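Colleague: One structure coming up, written as structure tokens, with questions to follow.
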Amino acid sequence: MPNMTELLTGLVRPTDVPFPDRLRLAAELAAQMHEAGLIRADRLADAPHDIATYGDFTKDGRELGRDLARYEAWRCNDAVYAALDGYGRLLAERLEALQLRWAAENEIQPRFRVGDRVVWPKVRGQDNMGTVVSIEPGGRYSIQHDNAAKTGSSLRFLVDFEACRAEGEPAPSRLSSLKGLPGKIWAAISALLALEAMDFTMRVGLLLP
């Protein structure tokens, strides 16, 4: 049975870089490091896979280098750390390109306009609140947070279209957030959720005494 993500292919924002792209970026970086004398020729074949496996957006060069030394027996020094530091940036640039293409291909349109008041969630705690100041490529708003407005700060937040709701609007439930999809897709998802619920009920029933 297809899962929710499969049904929404093309409508869900890319949030990660596929491994083939990670590997290609790692190969480019490894080639540069080899030319700079930071990777031996006998390790060049495996280096891209090592970098792509352990590298991530949140890791700087030192963190990545430590993982490579721990798990793949790399010998790292400050020059290697400095070179590896660029991998997270390459991933971020690639993800940005994927999101720009996604927004263009799916004709993603903003719900809010410049000057509208919007709310978007924090990871923990109270929601953020602010005013839309511009519409940015890739399906994002540039938003001035209320706290920044109070202090006169020029800081702006880039927030995905789908993360925002109007001030005073309740946070959407799982179902209500899907009802804006095209009719056929919504019908398919509704049927899938019903089947999932039936399957869950049957499995729970079998587990009960």
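The values are calculated or read from the model by the stated rules, or taken from the named source; none is laboratory data. Worth saying up front: this structure is predicted, and the values here are computed from it rather than measured. Reconstructed Cβ throughout: ideal geometry from the backbone, glycine too, with neighbour counts over all protein chains shown.
Colleague: Picking from G65, G86, G55, G61, which residue would you name as being touching a Cys at 6+ places or on another chain (Cβ under 7 Å) and either of a type in the set (V, I, T) or touching a residue at least 12 places away in the same chain (Cβ under 8 Å) (or both)?
Modeller: G65
Colleague: Looking only at the range 103-126, which residues are exposed (fewer than 12 other Cβ atoms within 10 Å of the Cβ), farther than 13 Å from F157 by Cα and modelled with pLDDT under 95?
Modeller: E105, E107, Q109, V123, R124, G125, Q126
Colleague: While we're here: In the range 28-50, which residues are closer than 22 Å to P18 by Cβ, surrounded by fewer than 16 Cβ atoms within 10 Å (Cβ to Cβ) and of a type in the set (D, E, K, R)?
Modeller: Of everything in the range 28-50, those that are closer than 22 Å to P18 by Cβ, surrounded by fewer than 16 Cβ atoms within 10 Å (Cβ to Cβ) and of a type in the set (D, E, K, R) turn out to be E28, D46.
Colleague: I would also like to ask the following. Run down E136, E162, E196 and say which single residue is at pLDDT 95 or above and either within 25 Å of R13 (Cα to Cα) or of a type in the set (A, V, I, L, M, F, W, C) (or both).
Modeller: The match here is E136.
Colleague: Please tell me if V118 is in contact with a Phe, Trp or Tyr (Cβ under 8 Å, 6 or more places away or on another chain), among the β-branched types (V, I, T) and closer than 17 Å to A27 by Cβ.
Modeller: Spelling it out, it is not the case that V118 is in contact with a Phe, Trp or Tyr (Cβ under 8 Å, 6 or more places away or on another chain), among the β-branched types (V, I, T) and closer than 17 Å to A27 by Cβ.
Colleague: Take the conditions on the phi < 0 side of the Ramachandran plot and at pLDDT below 95 and apply them to E35. Does it pass?
Modeller: Answer is no for this residue.
Colleague: Another question, if that's okay. Within the set of pairs 6 or more residues apart or between chains, which connect a residue that is touching a residue at least 12 places away in the same chain (Cβ under 8 Å) inside the range 25-38 to a residue that is aromatic (F, W, Y) with Cβ atoms less than 6 Å apart?
Modeller: What qualifies is L29/Y87.
Colleague: Restrict the check to the range 81-89 and report whether at least one residue is in a helix (DSSP H, G or I) and closer than 30 Å to P110 by Cα.
Modeller: Yes: the range 81-89 contains one or more residues that are in a helix (DSSP H, G or I) and closer than 30 Å to P110 by Cα.
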